[in-house]
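For reference, the structure is listed below as structure tokens.
The values are calculated or read from the model by the stated rules, or taken from the named source; none is laboratory data. This is a predicted model, so every value here is computed, not measured. For neighbour counting, all protein chains shown are included, and Cβ atoms are generated from backbone atoms with ideal geometry for every residue, glycine included. Ligands, DNA and RNA are stripped out before the accessible areas are found, and what is left, the full protein with its side chains, is counted by its heavy atoms. Shrake-Rupley method; radii C 1.70, N 1.55, O 1.52, S 1.80 Å.
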Amino acid sequence: MLTELTTQHKVTGAKQVTRALKNAKALRVFMAQDADPRVTEPIQDLCEDLGVDIEEVETMAQLGQACGIAVGSAVAALVE
């Protein structure tokens, strides 16, 4: 599933993912299991409210690498 992040349009970070969700642009959200719950829980709740699927990723480092960035990422989303 992480390979989709390398080939499709995406956003990373809590602010961008939240914006994509609120604008109905997010197709699927990826969330790191080791991320701070204060960051991920509001996004998880928003995903549940909007019916957007969440894929869990083991670490922030793996998610950041899949997104092609040099740092870890708590969340990322595939967007239209």
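For the chain, which fully contained helices (runs of 4 or more DSSP H) count at least 2 residues that are acidic (Asp, Glu)?
37-50
With of a type in the set (S, T, N, Q) and in contact with a Cys (Cβ under 7 Å, 6 or more places away or on another chain) as the only criterion, which of Thr40, Thr18, Thr12 stands out?
Thr12
Would you pick out the residues in region 47-61 that are out of contact with any Gly (no Cβ under 8 Å at 6 or more places or on another chain), within 15 Å of Ala35 (Cα to Cα) and open to solvent by 40 Å² or more (accessible area, probe 1.4 Å)?
Passing the criteria: Ile54, Glu55, Glu56, Glu58.
Within region 1-46, how many residues are closer than 14 Å to Val79 by Cβ, without any contact (Cβ under 8 Å) to a residue 40 or more places away in the chain and surrounded by fewer than 14 Cβ atoms within 10 Å (Cβ to Cβ)?
Number of matching residues: 5.
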